[in-house]
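Each reported figure results from applying straightforward, stated rules to the coordinates on display, with no laboratory input. A quick note: this is a predicted structure, and the numbers were derived from the prediction, not measured. So basically every Cβ, Gly included, is an ideal-geometry build from the backbone, and we count neighbours across all protein chains shown.
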Amino acid sequence: MDIITTARRFEMTQGVRDHAEKRLQKLARYSDHIQEVHLVLAQEKHRQIAELTVHASGAELTSREESHDMLSSIDSVVDRLERQVKKLNARMKDRKSRRPVPIGVPVEEGDLAEVEPEEEWSPVVVRGLQWHPEPISVEDAIRLMREKDNDLLLFKNARSGKVSLVHLRPDGNFGFVEAE
């Protein structure tokens, strides 16, 4: 992990540099994918500003903090970036856990026939029970989806009478699709 420190309109002392490097080295324990860390320290009137950019696994994480003291600005910006790095690691770990199932694994009994192996890895169709036959409202569909811990639910909309779909979006919100 390369650490680049820049000072703008600020006289960087050895104590500040050592404190910053000590805090930034701790970022390495959260991720092995961090290639470069760039810390910019600036002083504008009475504000002490610390801006931190981390390049990790094709992602660029940035944070900016300001306070009356440079050391507390550095601490705040590093704490904020630690949370971002942890979140990035969780997303990467989640993506790895969603790898496709090897071909030739039987699908649920009676649904589809076992597929002949063509490649080492290929997607497999898995039938799920995410259909609610009785007409319900969108709010009830979301509640039902949460209760069953599903990512999506197909249902008949009580308001419009059309087949609708509620799904969990990657940003944590819910998506709604209605057939025409």
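Here is how the numbers come out for the structure above:
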quantity	calculated
Entries of LYS86/LYS148; LYS26/LYS93; LYS22/LYS87; LYS93/LYS162 with Cα pairs more than 26 Å apart	LYS86/LYS148; LYS93/LYS162
Proximal charge balance of ASP79 [Cβ under 15 Å; K/R count +1, D/E count -1]	+3
Nitroxide proxy distance, nm - points 7 Å out along Cα→Cβ at ARG47 and LYS22	2.8
Environment charge of HIS55, counting only residues whose C-beta is closer than 13 Å and scoring Lys/Arg +1, Asp/Glu -1	-3
Exposure proxy order (Cβ contacts within 10 Å, fewest to most) of ILE136, ILE4	ILE4, ILE136
